[in-house]
Amino acid sequence: MAEPRSHTQARDFWTATVLWLGAGSVLALLAWILGDLLLQGVGRLSWGFLTEPPSDAGRSGGVAPMIISTLWILAICLATAVPLGLAAALFLTELASRRTGRWVRHSLDALAAVPSIVFGLFGNALFCHVLGLGYSILSGGLTLACMVLPLVVRTTEAGLSNVAQEIRQGAAALALSRVTTLRTLVLPAAAPALLVGLVLGIGRALAETAALIFTSGYVDRFPESIHDSGRSLSIHIYDLSMNVPAGNDTAYATALVLVVLLIASQQLATWGIHRWIQPERSVR
Amino acid sequence: MTSSKPSASFRAAADRCLTVVLVGAAAIAGGLVLWIVLFIARESMPALLSIAPWRFATDASWHPQDGLFKITPMVAATLAISLVAMCLAAPLGIATAMFSSFFAPARIAGLLRRWIEILAGIPSVVYGLWGLTVLVPRIAAIQAPGLGLLAASLVLALMILPTVALTAEAALRSVDEDLLRGAAALGLDRTGTALHVALPAAKNGIFAGLVLATARALGETMAVLMVAGNVVQMPGSLFDSIRPLTANIALEMGYATADHRSVLFASGLALMLMVGLLVALSTMSSPEATDG
């Protein structure tokens, strides 16, 4: 009897060892990447880096215009995607039949899977050429809005469908109109989910590069309006590392700024999801 | 109702207004993906109508400005890096998922998931930068130039690893508890439970995740653009410089005109169809597909 038992124990030991090594190597890889970012990026980082324009093709100076451009692109993206996404999510939870709802959801899932370079092609053709907006912050922001829309809709929808059906029934029994029910009861209850969707959208939009190269363009000056071309932080990283010899230090510093922003927004979203959208799952 | 007639009709009007707005928004959101396909198809029509389809394979080379449109090396490059990346990411990702579902203490499993989510959140351009400055010189030390299939596959593997690991973990976690308890009651050890009970039970979910990860790999642009070397040639060895389809679009969109531009849109369309097929396959094979 003792023989097979020790045999299985030995087997479990070896499996566990292999898996610990596998998981450990994943952690080590991540630590390697983040460590490099930190070590190579922190040297160029200073207050001036965040507040000054670049000089010498970006090798020195700062990234202030890129931060402004990124914020503008982000603002246009969210100003479009959030109201549209909220309305679509409200449709899915309040109005849609099962069939229609399924179609819209499938279609949004398909949209979420579209490669970002294809969004870039689409944005370039539609916004820059057909609508005549040219390479501009407006084109870039609208392109990103198409991209983050599925994320905003699905998160908001999850929050809305968590609002108890009894609230809606109670409101209907009181003969409240749909508008009033939504405005005074459902929306406040679902507001946190909307915020989480917003933060997830910010994360996705901040990280995006390929969709922006041919929509918002390359220009590294301070944008004067949303019709100007503006270079996002992500494109700045690309340009510095590919087109500017000896641009790597600044590229790393910019990447560090971007990744810190991203991790912060991601942690905020994760916290919000556990807190408000799937409270039961956070127990695990 | 009768006592407040004006307000009731106002409310009805407001409700109708709201309905119109919501239906309109849902129509835009739901129709957007179709619109994108049609729009890109429209832009690629000139090329597809004026260039015979076999010429994408039989033309002498890719010199679009001279009217030569051999696109097969780039298709091959995309498939090659995706394949190698999957071969690296799939075992590592599934192992990580097995580890955190069956062998790791709960706290370590939670920590691991957090880290993998961070890995998933790093932008592709940062992976590209890291690959370019860290991996490429190391590969170049083995065989120049360093930029090429191997570097692109490695970076890509890192990028799709979170997709594989997180979907596989979700699939393993949704395996019926009774099944696991049954295995324990039969005296099966952890390895046996994990490999022969949980893994087969979760295989549909894991497969769906792998397919989704492949779709990601096919569509990834920035990271591969930065480390693949971008020489248009058939991939022959791991160290060859290659140019994937996505990189080609990103490199040439800036100056492409007429048929050239149209061919780039056509390659985007092809990319989108490939990704679409994979995502449909993934949705069909995922266990949640039946829920609606």
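The values are calculated or read from the model by the stated rules, or taken from the named source; none is laboratory data. Everything quoted here is computed from the prediction, not taken from an experiment. So basically every Cβ, Gly included, is an ideal-geometry build from the backbone, and we count neighbours across all protein chains shown.
Just to be sure I understand, how many residues within the stretch A:189-243 are away from every other protein chain (no Cβ under 12 Å) and aliphatic (A, V, I, L, M)? So the count comes out to 10.
As a summary of the residue check, A:L195 satisfies the conditions (1) part of a helix (DSSP H, G or I); (2) crowded, with 23+ Cβ neighbours inside 10 Å except for the one numbered (2). So, of the residues in the stretch A:66-87 that are β-branched (V, I, T) and in contact with a Ser or Thr (Cβ under 7 Å, 6 or more places away or on another chain), which turns out to be nearest to the other protein chains (Cβ to nearest Cβ)? The qualifying residue nearest to the other protein chains (Cβ to nearest Cβ) is A:T70. Taken over the stretch A:90-132, the residue count meeting the criterion of being under 19 Å from A:C77 (Cα atoms), without any contact (Cβ under 8 Å) to a residue 12 or more places away in the chain and of a type in the set (G, A, S) is 3. Go over the candidates A:L151, A:L131, A:L144 one by one and state the one that is surrounded by fewer than 18 Cβ atoms within 10 Å (Cβ to Cβ) and modelled with pLDDT of 90 or more. It is A:L131. Entry remark, the stretch A:158-177: residues being under 33 Å from the mean Cα position of the chain (by Cα) and polar (S, T, N, Q) number 3 in total.
On the stretch given as the stretch A:97-144, residues that are aliphatic (A, V, I, L, M) and facing chain B (nearest Cβ under 7 Å) total 11. In summary, helices (runs of 4 or more DSSP H) completely within the stretch B:105-153 and bearing 2 or more residues that are within 9 Å of chain A (Cβ to nearest Cβ) and free of Cβ contacts under 8 Å to residues at least 60 places away in the same chain occur at B:106-121, B:124-130.
For B:R190, the criteria (1) closer than 30 Å to A:A255 by Cβ; (2) crowded, with 16+ Cβ neighbours inside 10 Å hold in every case but one, which is (1).
Does B:M272 satisfy the criteria of being in a loop (DSSP other than H, G, I, E, B), hydrophobic (A, V, I, L, M, F, W, C) and either surrounded by fewer than 17 Cβ atoms within 10 Å (Cβ to Cβ) or under 19 Å from the mean Cα position of the chain (by Cα) (or both)? The answer is no for B:M272. Residues B:A144, B:A80: which one is assigned by TED's automatic domain parsing to the domain that holds B:V263, over 30 Å from A:H274 (Cα atoms) and surrounded by fewer than 17 Cβ atoms within 10 Å (Cβ to Cβ)? Just a single option satisfies the conditions, and that option is B:A144. Do you know which of the residues in the stretch B:232-257 that are of a type in the set (A, V, I, L, M) and assigned to a loop (DSSP other than H, G, I, E, B) is nearest to B:I142 (Cα to Cα)? Among those that are of a type in the set (A, V, I, L, M) and assigned to a loop (DSSP other than H, G, I, E, B), it is B:L238.
Listed by position, the helices (runs of 4 or more DSSP H) inside the stretch B:168-231 whose residues that are under 20 Å from B:L79 (Cβ atoms) number at least 2 are B:203-219, B:222-227.
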